[in-house]
1. For SER247 and SER388, what does the FRET efficiency come to when R0 = 35 Å and r is the distance between their Cβ atoms, rounded to the nearest 0.05?
2. Counting other beta carbons within 10 Å of each Cβ, put SER304, SER502, SER123, SER143 in order, fewest first.
3. Using +1 at the C-beta of Lys and Arg and -1 at the C-beta of Asp and Glu, which of SER291, SER247, HIS186 has the Cα lying farthest in the positive direction of the dipole of region 168-307?
4. For HIS45, what residues show an amide H to amide H distance below 5 Å, using hydrogens built from the backbone and excluding near sequence neighbours?
5. Amide H neighbours of TRP505 under 5 Å, counting only residues 5+ apart in sequence or on other chains, H built in-plane at 1.01 Å?
6. HN-Hα J couplings of region 229-244 from phi, Karplus 6.51/-1.76/1.60, θ = phi - 60°, integer Hz, Gly and Pro as x?
7. Calculate, in nm to one decimal, what LEU148 and GLU185 gain on full extension: separation in residues at 0.36 nm each, minus their alpha carbon distance.
8. Would you mind getting me the FRET efficiency between VAL113 and ILE476? Use the beta-carbon distance for r and R0 = 51 Å, nearest 0.05.
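Laboratory data are not the source of any read-out in this text; all were calculated from the coordinates shown. As the structure is a computational prediction, the values presented were derived from the model and not from experiment. Glycine also receives a Cβ, built like all others from the backbone with ideal geometry; neighbour counts cover every protein chain displayed.
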Amino acid sequence: MTKRENPVADQLGPMAAALAPIRQNLPGMAKEREILRVVATIPAHEDHDLLDAARDEVLRWARRRAAGELPKEAWEGQSFEALAAGRTTMAALVTAGDSVLWSLRGDDPDKAVPGRIWSTEVSLGRKSPADDIQLGVRLVVNSAEPELTIEPAVPGLVRQVVDRCGLRDGDVPMHSSANHAAKPEHVATLLEWLHSGTRRLPIIVATEDERADNSRNACFDVDDLAAKMCGLAHVVWVPADLTFGLSDALGKSLSVFHGGVRVYEPGLSLLDDPRDHRLILGQVVDRDPQSVASELRRVIARESLRRTRLGHDVLSFAAVRSAATRATKEARTSEGAGDSEKLSAALAQIEALTKQAEELQSQVDQAWQLSEDESSRAEASERQLHASWARIETLEDALSKSETALDAAPDPETWDEFGEWCDAAFSGKLALTPSARRGLRKALFQDVAIAAECIRWLAGDARKRFVEGGGALANIPVFDGITNAPCGGDEYVFDYQGRRLSANWHLKNGGNTRQPERCLRIYYTFDAQYRQIVVSDMPAHIRTAAS
């Protein structure tokens, strides 16, 4: 059999390919996959030690899951291990001076799917009694299923800690139910949360549709969504008569109304591309509200794995346990413990390190799988996008031959409108890099209309010459003192969508002035692979080694 006829050998390494026939006859190997992560802060309280209160809430939750009493060491905040009815509950404590780090892991078999085991890891830590407490939660599933079909939900212990101790996402408070806006002041508070520079979680804003016979709240259960997403996202319900306040403050393109739902990502800016903040229209919500809620849960849980760094923002139980056993071993050695005690401590440390190594391997495997999934989605999206561009170009050519005029997008009047205008008017013909978009946000060049004409020429005549030929482009006048020329010594390379390109052309206005109010420079290249102009920077003169 040739390599072409052996798909296994094509996809696997030589050792894995050799073992593939044996593996097919073995039961599926269980894999540990992380579902979600919660990172939050418990503000310090002058009168109460909220670390003890938060730990008690976690232990109460763990006791219900363990189906049995926990040992007294648990309630004293010490390390322990408890086995009951096939469930394992463990905790580890690490202290260093005033610093405290306590972590718990509870394993619980799935009630409906045999062989599926859920593991919840919780960490509570602070540097000193006066500092805020950092909470980290990981939900992990261990299963041999090749594909998991689940609707993620945050463990109930997070809601318990929210209700008992309070949790914050930067300066935005967390709630175990949806925030219902009832007054204009509530919308003002929502706007403060949206623009908060310390917020790390998305805000889901659901709205009422005044055009419907009944309230959208009746079919889209925002409180249920908020409870299951507590710690992963904030959920806010806005009635129809208050959505105008959002539109006034954010603009229509970034607002949400008529029963729609919008996910506002952290770092919201009025200059953001509206597509960066996912909008679900009211008719989509009305058609199947449960599917919308389920999809939001899946997407946001998945995003929580990307927003946070394991070992930095949230700790694994294996890492904490390894540190605790190492500290115990060192303490026994310094106290002159006997050989048997030293051996026990060493064996415990080896076991903890082994568990940590296994968990790290699981994390690497999952990260690889996530990377492959994202790469496949990106490749599929690119293929669809390029096919759409080709289709649009064919239709435009047909309309042009039939002398049918196309409705042109109105030219932008301000720099704030410029990027969106380019996307709408020249998709598939011209693209702006992130650097060019940043340049537009801080642009000082005063003549927006001239810059728009330059972009129109690049997407039209210049691109046509690059694609079809038909005239030189070097040092030619374009209009109104604008010249197209090679960059020469100012040429530079830049990265765009995973590829390295060279900005070897630029449009410039006459004269030698470098005053940003009067100096126009548009640096670009022609991407032959995708047949489009890529604008690397504009509208100011860039600084290079030559300049």
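1. Numbers: r = 30 Å, r/R0 = 0.86.
Efficiency, rounded to the nearest 0.05: 0.70.
2. On the way: SER304 28, SER502 12, SER123 23, SER143 20.
The most exposed by this proxy come first: SER502, SER143, SER123, SER304.
3. The residue sitting farthest along the positive end of the dipole is SER291.
4. Hits under the 5 Å cutoff: LEU50.
5. Amide H neighbours of TRP505: CYS487, TYR524.
6. Those phi angles translate into 9, 4, x, 10, 7, 9, 10, 10, 9, 10, x, 4, 6, 9, 5, 5 Hz.
7. Details: separation 37, 0.36 × 37 = 13.32 nm, distance 4.28 nm.
Extra length available between LEU148 and GLU185 comes to 9.0 nm.
8. Result of the calculation: an efficiency of 0.15.
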